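J.: Pasting a structure below so you can have a look.
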Amino acid sequence: MKLITALRIIAFLEGISYLVLLCIAMPLKYFYNQPQAVKTVGMAHGVLFVLFVVLLLFVHIELKWKLSKTFWVFISSLIPFGTFYADVKWFRK
């Protein structure tokens, strides 16, 4: 599997986990006093985020991306829906 394909898959999963964390797990914790959802989804999101960053570094090296492009892809992972935007703008090319 190409690294860019792996990055796209992990970016998608990381984006989904981020949205689930923000839109489902956090409200469950703060409105319904169920902190277990944040612990579970938060751990999964954390692992996916670290994997995303590692794959991003490998793609940066393999495809010889400019540092600015890699920086903006990283920043996109910090914003809700950002990884989906990154997929359209940078990963599919």
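J.: Thr40 is checked against (1) over 17 Å from Ile10 (Cβ atoms); (2) of a type in the set (Val, Ile, Thr); (3) buried (at least 17 other Cβ atoms within 10 Å of the Cβ) and fails just one. What number does that condition carry?
T.: Of (1) over 17 Å from Ile10 (Cβ atoms); (2) of a type in the set (Val, Ile, Thr); (3) buried (at least 17 other Cβ atoms within 10 Å of the Cβ), only one is false for Thr40: (3).
J.: Related question: Can we say Ile24 is under 19 Å from Arg92 (Cα atoms), among the β-branched types (Val, Ile, Thr) and surrounded by fewer than 17 Cβ atoms within 10 Å (Cβ to Cβ)?
T.: no
J.: Quick test for you: out of Phe49, Phe58, Phe31, Phe71, pick the one residue that is in contact (Cβ under 8 Å) with a residue 40 or more places away in the chain and either assigned to a helix (DSSP H, G or I) or of a type in the set (Asp, Glu) (or both). I'd like the intermediate steps shown before the answer.
T.: Working: Phe49 fails: in contact (Cβ under 8 Å) with a residue 40 or more places away in the chain; Phe31 fails: in contact (Cβ under 8 Å) with a residue 40 or more places away in the chain; Phe71 fails: in contact (Cβ under 8 Å) with a residue 40 or more places away in the chain.
It is Phe58.
J.: Follow-up. Out of the residues in segment 31-71 meeting the condition of being within 16 Å of the chain's Cα centre (by Cα) and of a type in the set (Gly, Ala, Ser), tell me which one is farthest from Phe91 (Cα to Cα).
T.: Gly42
J.: Is it fair to say Glu14 is over 13 Å from the mean Cα position of the chain (by Cα) and acidic (Asp, Glu)?
T.: Values: over 13 Å from the mean Cα position of the chain (by Cα): no; acidic (Asp, Glu): yes.
The answer is no for Glu14.
J.: Under the condition of being of a type in the set (D, E, K, R) and part of a helix (DSSP H, G or I), which residue from segment 81-93 is farthest from Leu21 (Cα to Cα)?
T.: Of segment 81-93, the ones of a type in the set (D, E, K, R) are 87, 89, 92-93.
Checking which are part of a helix (DSSP H, G or I) leaves us with 87, 89.
Numbers: Asp87: 20, Lys89: 24 Å.
Across segment 81-93, the extreme among qualifying residues is Lys89.
J.: Return only the number of the condition from (1) of a type outside the set (Gly, Ala, Ser); (2) part of a helix (DSSP H, G or I); (3) modelled with pLDDT of 95 or more that Leu78 does not satisfy.
T.: (2)
The values are calculated or read from the model by the stated rules, or taken from the named source; none is laboratory data. Given the structure is predicted, the values throughout are model-derived calculations rather than measurements. Here the Cβ is made from the backbone with ideal geometry for all residues, glycine too, and neighbour counts use every protein chain on show.
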